[in-house]
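Working notes, beginning with the structure itself.
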Amino acid sequence: MELGPVEYAVVEFPGSHFHGEVMPELADLARKGVIRVLDLTFVRRNEDGSVAHMELNALAPEEAAPFEAIEGEVHDLLNAADIELVAAGLSPGSSAVLLVWENLWAKRLTEAARRADGRLLVHERVPHEVARAAFEALTP
């Protein structure tokens, strides 16, 4: 199976205040074919320091409802070591969403580069603060 560029993100919700605003946007990106969600896992660090995690497919129907609009099959790409690493960075009483996605928008370009025997040398994401500062510096 050919894949486009794959990325991941971890979004922490201090105090476990997850209101679901992210899910409609994520579902919209998937529905429009911009991304394909490959894995989605939830992690919580309890006040006592203990850690719990749950895959999307293990959620109760009422908990999973906001995620139903996400098209595609969610795989089990994330492993216990990934979850432990994320949990170690969480504040007590907080939760996080670990998301792995394929950038479908870049898949055709990636395939064309491979057919042309192209080789990716560098791919970095410019941090938001750096990009914002650069653009603000251009504004008189």
Legend entry - Unmet requirement for E129, which otherwise passes all of (1) outside any helix (DSSP H, G or I); (2) among the acidic types (D, E); (3) loosely packed, with under 10 Cβ neighbours inside 10 Å: (1)
Inset, instruction - Looking only at the stretch 80-106, count how many residues are within 10 Å of V10 (Cα to Cα) and either part of a helix (DSSP H, G or I) or of a type in the set (V, I, T) (or both). - result: 3
Inset, instruction - Go through the stretch 1-28 and give me each residue that's assigned to a helix (DSSP H, G or I) and either modelled with pLDDT of 90 or more or β-branched (V, I, T) (or both). - result: V22
Inset, instruction - With the condition kept exactly as written, say whether any residue in the stretch 64-78 is surrounded by 15 or more Cβ atoms within 10 Å (Cβ to Cβ), under 15 Å from the mean Cα position of the chain (by Cα) and modelled with pLDDT of 70 or more. - result: yes
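The values are calculated or read from the model by the stated rules, or taken from the named source; none is laboratory data. Fair warning: this is a prediction, and the values are worked out from it, not measured in the lab. Every residue, glycine as well, gets a Cβ built from its backbone with ideal geometry; the counts of neighbours run over all protein chains shown.
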